[in-house]
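Comments concern the structure below.
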Amino acid sequence: MPLVLLLEDDPAIADTVVFALRREGFEVHHSLLLRDAHQHAQHQRPDVAVLDVGLPDGNGMDLCRQWRTAADAHLRALPVLMLTARAEEMDRVIALETGADDYLTKPFSPRELVARLRALLRRSAMSLAPAQPAKPLFELDEDGQRIRFGGHTLALTRMEYRLLATLLAAPGRIRSREWLLDQVWGLHSEATDRTVDTHVKTLRAKLRECRPDLEPIATHRGLGYALELPPAHSG
Ligand code: CA
């Protein structure tokens, strides 16, 4: 249940908002004073705060500004919706300049407030999640004849590059030594099965330097080699 901190000194507005939020499944802490709201935010770590501007002991915008520069990371990141009294452009600009994430102008509908708070909560949940999907384990740069593995550019010889690129072209597919000799070294080279094995060995050592936890080149006894990606990186 998301916890909402509501700082509002007008009892009529506060009652309506508290009622609407609880009905929608939010937990609400209602403060009448800045001091109380600040203490609550510090100790109870609400998920989102709704701040009125004009309060008996100060201005809600000052509280928001104070949080944005606080040493406490939770306060700095706490999503804030400011309740501004007038629809004037100046108030809105100031509200956003204090570091508020959103604002509503009084009078507002409780349903609109609920919708805005849900959006703020979604946004803050997303910013806590990894910002970007994981990078692919292998990144093939054909133009540069380079392969990156686990974020590191591998220092490969020409033949190691060709061997790994060939395996990368069809992950999971078992390739025989003969087939690899043909594809990588070419029919008329003097390379032998041993050459393939030696190159696989040095490749594995280079891969292991980047990711000791993975062994992406699998040996299939009597059949050959295959590049096998862990489940998170395949598909
Ligand atoms: Ca007020």
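The values are calculated or read from the model by the stated rules, or taken from the named source; none is laboratory data. Small disclaimer: the values here were computed from a predicted structure and weren't measured. Every residue, glycine among them, receives a Cβ derived from its backbone with ideal geometry; neighbour counts consider all protein chains shown.
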- [ ] Please report, ordered by residue number, the helices (runs of 4 or more DSSP H) entirely within region 143-235 with at least 2 residues that are under 35 Å from the mean Cα position of the chain (by Cα) and surrounded by 15 or more Cβ atoms within 10 Å (Cβ to Cβ).
- [x] 158-168, 193-210
Task: Residue satisfying all of: in region 107-122; surrounded by 14 or more Cβ atoms within 10 Å (Cβ to Cβ) and basic (Lys, Arg); nearest to Asp47 (Cα to Cα) among these - done: Arg118
- [ ] State yes or no: is Ala71 within 15 Å of the ligand (Cβ to nearest atom), without any contact (Cβ under 8 Å) to a residue 40 or more places away in the chain and either touching a Lys or Arg at 6+ places or on another chain (Cβ under 7 Å) or not in a strand (DSSP E or B) (or both)?
- [x] no
Open item on the list: Can you go through Thr84, Thr69 and tell me which one is modelled with pLDDT under 95 and loosely packed, with under 14 Cβ neighbours inside 10 Å?
Closed with: Thr69
Task: Hits in region 16-35 (condition: away from the ligand (no atom under 15 Å from the Cβ) and either in contact (Cβ under 8 Å) with a residue 60 or more places away in the chain or at positive phi (or both)) - done: Phe19, Ala20, Leu21, Glu24, Gly25, Phe26
- [ ] Return the total of residues in region 1-15 being more than 10 Å from the ligand (Cβ to nearest atom), modelled with pLDDT of 95 or more and in contact with a strand residue (DSSP E or B) (Cβ under 8 Å, 6 or more places away or on another chain).
- [x] 4
Open item on the list: Can you pull out every residue in region 36-60 that is away from the ligand (no atom under 15 Å from the Cβ) and part of a helix (DSSP H, G or I)?
Closed with: His38, Gln39, His40, Ala41, Gln42, His43, Gln44
